[in-house]
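**Q** Quick one: structure below, then a few questions.
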Amino acid sequence: NYTHLSQSERYQIYALMKAGQPLSDIAKILHRHRSTIYREVSRNSGLKGYRPRQAEEFTRQRSAGSRNGPKITPEIWASVDELLRQQLSPEQISAKLEVSHETIYQHIYADRSLGGDLCRHLRCQKKRRKRYAGGRERRGQIIGRRPISERPAHIESRLRLGHWEGDTLIGKGHKQAIVSLVERKSGYAVLRKVPNKTSKNVSSAIINSLRPISDKVQTITFDNGREFSDHAEIDAALQSTTYFADPFSSWQRGSNENLNGLVRQYIPKARPLSTVSDKELAMIQDRLNNRPRKRLGFKTPKEVFQSSYKDRKSTRLNSSHSQQSRMPSSA
């Protein structure tokens, strides 16, 4: 079924175009029909070419000009406000109420212009767009780095449990850090704080966090930060295989980028991580793992993670019993 392009997809289109990717290849990367991408770029480009925020605004204006929009009652708006204050996203609220997420965003912006505080409950509070490309890699080389191009293609489909992405979030003044890990199929998150972003601290946090569920860890994909230079030690401890995304290609770790944005809703960049306790971080992890997600059919990451693991374990047990039944009995 067709769904409209999201804001994150528009940023990916922009970044891929800046990287020189043809529109047909962008369509394959985003799992969209090429006509969708061609139409998006054609309709929403301005004098300076295609820009994601401008494209979002053009789409909103066309939508606002439609005469077929439903009338929203004050009771529905009251429910929207209540759910926003519970820190649900507009898309999650849209799944519960008969109002589009774009309309909810416009409601939030109108509230802000009148001095309201609904915008403070949005998870993304950035004032500037992130620079997705350009510049040069300054972090040096990682010994034994295995590029993402060598990662099995089936991992991209998110059909199997056990493939993770990892990153770090830095606090104010670059003091202390949070290691963020997310399972690609379910979106299940694991968060751990480290005193500083050394490779030893980061690898220890990853191993200690995932060792209890190491049978659910097959691969981990990192960015090119030097804090992941002990990847061989991680693989040895977890019996996993690590890969590294291409430089300036954050869309190759889309699940992790999304998780980091969710965490920043609770821990903005201006907040020192020394004020974040392990108990608070555990609360954030639990809340995110129990938050319904649109791409999961509005199931929670915890529900999908646990159900997928049970299915996988049941399949292994059935296979083992089947093999034993085929073995000849001893005389």
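The values are calculated or read from the model by the stated rules, or taken from the named source; none is laboratory data. On a predicted model such as this, the values are computed, not experimentally measured, just so you know. Note that each Cβ is placed from the backbone with ideal geometry, even for glycine, and that neighbours are counted across all protein chains shown. With ligands, DNA and RNA removed, areas are computed over all heavy atoms of the protein, side chains included. Shrake-Rupley method; radii C 1.70, N 1.55, O 1.52, S 1.80 Å.
**Q** Using a 1.4 Å probe over the heavy atoms of the protein chains, calculate the carbon and sulfur portion of the accessible area of segment 167-231 as a whole percent.
**A** 45 percent
**Q** Quote to one decimal, in nm, the extra length available between Lys200 and Leu122 on full extension: 0.36 nm per residue of separation minus the C-alpha distance between them. Working shown, then result.
**A** Details: separation 78, 0.36 × 78 = 28.08 nm, distance 3.45 nm.
Extra length available between Lys200 and Leu122 comes to 24.6 nm.
**Q** To test your reading of the geometry: what angle, between 0 and 90 degrees and rounded to tens, separates the Cα axis of helix 301-326 from the longest principal axis of the chain?
**A** 30 degrees
**Q** Right, next: Helix-only mean residue ellipticity at 222 nm, the chain, DSSP H runs n ≥ 4 weighted -39,500 (n - 2.57), per residue, nearest 500. What is it?
**A** On the way: 12 runs with 146 residues, N = 331.
Theoretical 222 nm ellipticity from helices: -13500 deg cm²/dmol.
**Q** Output the antiparallel fraction of DSSP beta bridges having both residues in the chain, as a percent to the nearest 5. Walk me through the numbers on the way to the answer.
**A** Details: 16 of 24 bridges.
Bridges in the chain that DSSP calls antiparallel: roughly 65 percent.
**Q** Give the longest segment of the chain that steers clear of GluC sites (Glu not before Pro) in DSSP loops with at most 13 neighbouring Cβ atoms within 10 Å, not counting the sites themselves.
**A** 138-331
**Q** Suppose the chain between Gln86 and Arg62 were pulled fully straight at 0.36 nm per residue; how much longer would it get relative to their current alpha carbon spacing?
**A** 5.6 nm
**Q** Could you tell me which of Asn258, Ser204, Thr275 has its Cα farthest along the dipole of segment 172-282 towards the positive end, charges placed at Cβ (Lys, Arg +1; Asp, Glu -1), taken about the Cα centre?
**A** It is Thr275.
**Q** Also, I was wondering about something else. From the cross-link list Lys216/Lys302; Lys193/Lys269; Lys193/Lys279; Lys175/Lys302; Lys200/Lys302; Lys185/Lys294, which pairs have alpha carbons spaced over 20 Å apart?
**A** Values: Lys216/Lys302 13 Å; Lys193/Lys269 15 Å; Lys193/Lys279 11 Å; Lys175/Lys302 31 Å; Lys200/Lys302 29 Å; Lys185/Lys294 13 Å.
Listed pairs above 20 Å: Lys175/Lys302; Lys200/Lys302.
**Q** Let me ask another. Averaged per residue, what accessible surface does the chain expose to a 1.4 Å probe, in Å²?
**A** Heavy-atom SASA per residue in the chain reads 59 Å².
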